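Colleague: Sharing a structure below in structure tokens format, with a few things to ask.
The values are calculated or read from the model by the stated rules, or taken from the named source; none is laboratory data. None of the values given here were measured: they were computed from a predicted structure. Note: ideal-geometry Cβ built from the backbone for every residue, glycine included; neighbour counts use all protein chains shown.
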């Protein structure tokens, strides 16, 4: 089982490195750092001296495997884009597109232009703009602005409550109940979900992850887990009460 998870981890890292989105690569590094900060110290404390040596050797083996995979598949090409990125950032067309979208905000109204209408509505505003964004735009590289255009102020507020409210509920449930009431698996799962949702929220500032169907499935699942996390405590308490009743009945039977 460990070999399977290690293989999946290597493939995931390789996929991130092959991604053409520089923001995705940067966020992947930040999320990996956040995971290490969340679980690293506790994991190291649980390992004995021999296990630490084995873990270090395994980490080195994973790094060497990634290097070999990168050389075999020319993964250095996407990474080389960072070298020329400094000159391109200020002239990136997505900033012009964002300015055009901001110019349309006074007209979006309470309910916006409608879900999925960005591709139709945006060209009209782009033509009238002083600094036009070149090319065709299926998605705006700024999910929050696109949401405002399509869903309006009311819809955007509701989406924000659904998304950021789930993160807040998940954090609150974890801090309040995880150590005492949750199973170990849930104590590990919840921080990973919160970190993943935070990464998607940051990525949406400069890209369109919320428009990708596969990411939507993950986000919807994670939001449901966060919103349902307060019920984990109730289930734990119910399980504890049943256990106490069984213990009491056993004692009664023994006395009789």
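Colleague: Considering region 200-220 alone, what residues qualify as being within 11 Å of the chain's Cα centre (by Cα) and closer than 18 Å to residue 145 by Cα?
Modeller: Within region 200-220, 200, 201, 202, 203, 204, 209, 210, 216 meet the criteria.
Colleague: Could you tell me which residue of region 174-199 is nearest to residue 145 (Cα to Cα), considering only residues that are under 15 Å from the mean Cα position of the chain (by Cα) and surrounded by 19 or more Cβ atoms within 10 Å (Cβ to Cβ)? Please lay out each step first, then the result.
Modeller: Just the residues of region 174-199 that are under 15 Å from the mean Cα position of the chain (by Cα), to begin with: 189-199.
Going one step further and asking which of them are surrounded by 19 or more Cβ atoms within 10 Å (Cβ to Cβ), we end up with 190, 193-194, 197.
Numbers: 190: 29, 193: 25, 194: 23, 197: 18 Å.
In this case the residue turns out to be 197.
Colleague: Under 9 Å between Cβ atoms, at least 6 apart or on separate chains: pull out the pairs that start in region 1-27 with a residue that is over 21 Å from residue 204 (Cβ atoms) and end on any residue that is buried (at least 16 other Cβ atoms within 10 Å of the Cβ) and at pLDDT 75 or above.
Modeller: Once the first residue is over 21 Å from residue 204 (Cβ atoms) and sits in region 1-27, its partners that are buried (at least 16 other Cβ atoms within 10 Å of the Cβ) and at pLDDT 75 or above give 13/28; 17/25; 17/28.
Listed here are the residues, each with its yes/no results for (1) modelled with pLDDT of 65 or more; (2) surrounded by 11 or more Cβ atoms within 10 Å (Cβ to Cβ); (3) more than 23 Å from the chain's Cα centre (by Cα); (4) within 30 Å of residue 128 (Cβ to Cβ).
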residue	(1), (2), (3), (4)
16	yes, yes, no, no
23	yes, yes, no, yes
37	yes, no, no, no
41	yes, no, no, no
46	yes, no, yes, no
53	yes, yes, yes, no
60	yes, no, yes, no
79	no, yes, no, no
87	no, no, yes, yes
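Colleague: Sticking with this structure for a sec: Being surrounded by 14 or more Cβ atoms within 10 Å (Cβ to Cβ) and modelled with pLDDT of 95 or more narrows it down to one residue among 167, 157, 215; which is it?
Modeller: Unique residue meeting the criteria: 167.
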